[in-house]
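Asker: Quick one: the structure is below, questions incoming.
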Amino acid sequence: MAHSDRPLSPHLAIYRWKISNTLSIIHRMTGVALSFGALALVSWLLSILAGQGYYSLVNDLFDSFIGRFALFGWTFCFFYHLSNGIRHMCWDVGKGFDRLQAQQSGILVLAVALILTVGLWAIVLAG
Amino acid sequence: MSLQSPLGKALGHGSAKTGLDHWLAQRSTAIALVPLGLWFTVSLLLLPHGSHEFVVAWVAEPLNAILLILLVIALVYHSMVGLQVIVEDYVQGGLGYLTMITVQFVHILLVVAGIYSIIVISLGAGQ
């Protein structure tokens with residue numbers, strides 16, 4: 001291909017890490033993780049369809065240490081992507097572009113995602 | 001040889017009128033995924049642990065089946081459009097096309113397998 005040596009955008013290697021671009025790349029990474037979550041969701045549905053044996057197998061997999069770690073990760077990714085997605089929606093309608101506002105909403109998004117993740121897993125582990 | 005710059009060539013031709021579809025689809029699926037994602041998260045929390053019989057009955061509940069199908073469609077579409085943007089940004093040339101087609105095939109497989117499972121589970125549960 002003609003342009004294969006052009007730099008790739010967004011240029012991860014050259015930006016100074018600030019809260020704005022850090023949260024932006026986390027949005028992408030959580031999105032990719034949640035794509036694998038979609039794969040897990042469909043696998044779960046297929047296992048229900050396949051019957052008791054397969055369902056127990058998939059259930060045990062989700063219940064293993066790695067499975068629980070993945071579910072915990074997806075919980076954070078979901079709440080982060082959800083709250084930061086709402087932040088993006090506000091930007092799409094032209095609200096919150098001011099630098100201070102963008103920083104504050106970014107911190108808010110992180111806090112909300114962490115609180116909801118910890119809260120949900122407190123319920124899981126208590127129940 | 002023309003001395004006109006690429007920008008000069010592009011100016012004055014107006015917008016292409018199309019190309020906004022994916023951007024809009026990403027937003028509309030995002031809006032749909034706010035209630036659908038929260039509903040599914042809470043539902044998973046409330047499902048009793050490990051019972052195949054119960055989960056089949058839960059999926060077969062008409063409202064749950066409909067919401068699950070909507071969730072699978074919105075989630076898989078949102079995932080596909082999101083991953084496509086990332087592939088466009090980071091994977092170039094022939095490998096880029098290959099990755100793009102793979103992403104599309106996997107997502108079509110996911111949406112078909114997901115909807116098929118939900119419908120067949122629902123139909124089977126009534127027998």
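All of the numbers you see were taken from the coordinates with simple rules; none came from a lab. Since we're looking at a predicted model, the values are computed, not measured. All Cβ positions, glycine included, derive from the backbone under ideal geometry; neighbour counts span all protein chains shown.
Asker: For the ranges A:28-40, B:70-82, B:24-36, what's the packing order if you count other beta-carbon atoms within 10 Å of each residue, average per peptide, and put the highest first?
Answerer: Those peptides, ordered most packed to least, come out B:70-82, A:28-40, B:24-36.
Asker: Averaged over peptide A:50-60, how many Cβ atoms belonging to another chain are found within 10 Å of each residue's Cβ?
Answerer: Taking the mean over all residues of the peptide, I get 2.
Asker: Skipping prolines and chain starts, which residues have an amide H placed within reach, meaning under 5 Å, of the one on residue B:61, given they are 5 or more residues away or on another chain?
Answerer: Distant-sequence amide H within range of residue B:61: zero hits.
Asker: Another one. Using 7 Å Cα-to-Cβ label points, what is the residue B:61/residue A:89 separation (nm, one decimal)?
Answerer: That separation, rounded to one decimal, is 2.4 nm.
Asker: Just tell me how shielded A:33-44 is by partners: mean number of partner chain Cβ atoms within 10 Å of each residue's Cβ, no decimals.
Answerer: Average per residue, whole number: 6.
Asker: For the stretch B:29-127, what class follows from the C-alpha gyration tensor (a ≥ b ≥ c being the square roots of its eigenvalues): rounded when a/c is under 1.5, otherwise prolate if a/b is larger than b/c, else oblate?
Answerer: In terms of gyration-tensor shape, prolate.
Asker: Helices from chain B with mean Kyte-Doolittle at least 0.0 and a Cα length along the axis of 27 Å or more, per DSSP H: which?
Answerer: Length and hydropathy pass: B:21-46, B:62-90, B:93-125.
Asker: To continue, here is another question. So, by mean Cβ neighbours within 10 angstrom, what's the order for A:104-113, A:16-25 with the highest one leading?
Answerer: A:104-113, A:16-25
Asker: First check a/c for chain A, with a ≥ b ≥ c the square roots of the eigenvalues of its C-alpha gyration tensor; if it is under 1.5, answer rounded, and if not, answer prolate when a/b is larger than b/c or oblate otherwise.
Answerer: Oblate, because a/c is 1.5 or more while a/b does not exceed b/c.
Asker: What is the sum of charges, Lys and Arg at +1 and Asp and Glu at -1, for the other residues whose Cβ falls under 13 Å from the Cβ of residue A:102?
Answerer: Cβ neighbours under 13 Å give a net charge of +3.
Asker: Right, something else. Using the Cβ atoms and a cut-off under 13 Å, what net charge is assigned to the surroundings of residue A:93, where Lys and Arg are +1 and Asp and Glu are -1?
Answerer: Taking every other residue near residue A:93 into account, the sum is +2.
Asker: Related question: With r as the distance between the Cβ atoms of residue B:119 and residue A:121 and R0 = 30 Å, compute the FRET efficiency 1/(1 + (r/R0)^6) and round to 0.05.
Answerer: Working from the Cβ atoms, E equals 0.40.
Asker: Right, something else. Which value at 222 nm does chain A reach when only helices count, each DSSP H run of 4 or more adding -39,500 (n - 2.57), with the total divided by all residues and rounded to the nearest 500 deg cm²/dmol?
Answerer: Only helices count here, giving -28000 deg cm²/dmol.
Asker: For the stretch A:48-65, just list the computed ³J(HN,Hα) in residue order, Karplus coefficients 6.51, -1.76 and 1.60, θ = phi - 60°, integers in Hz, with x standing in for Gly and Pro.
Answerer: These are the phi-based 3J(HN,Hα) values: 5, 5, 6, x, 3, x, 5, 4, 4, 4, 5, 4, 5, 4, 5, 8, 5, 4 Hz.
Asker: Please compute the Cα-Cα pair-distance distribution of the protein assembly as shown with 5 Å bins starting at 0, giving whole percents from short to long.
Answerer: 1, 5, 10, 14, 16, 16, 13, 10, 6, 4, 2, 1, 1, 0, 0
Asker: Step through the residues of the stretch A:77-94 one at a time and calculate ³J(HN,Hα) from phi using the Karplus curve (6.51 cos²θ - 1.76 cosθ + 1.60, θ = phi - 60°), rounding each to whole Hz and writing x for Gly and Pro.
Answerer: 4, 4, 5, 5, 4, 5, 5, 5, x, 5, 4, 5, 4, 4, 5, 4, 9, x
Asker: Something else: For the residues B:53, B:88, what sequence is obtained by ranking on other C-beta atoms within 10 Å, fewest first?
Answerer: Starting with the residue having the fewest Cβ neighbours, the order is B:53, B:88.
Asker: Take the Cβ-Cβ distance between residue A:14 and residue A:98 as r, set R0 to 22 Å, and report the resulting FRET efficiency rounded to the nearest 0.05.
Answerer: Result of the calculation: an efficiency of 0.30.
Asker: Still on this structure, I have one more. Determine the shielding of peptide A:76-82 by partner chains: average, over its residues, the number of Cβ atoms on other chains within 10 angstrom of each Cβ.
Answerer: 3
Asker: Determine the calculated [θ] at 222 nm for chain B from helices alone, applying -39500 (n - 2.57) to every DSSP H run no shorter than 4 residues and normalising by the residue count; nearest 500 deg cm²/dmol.
Answerer: -27500 deg cm²/dmol
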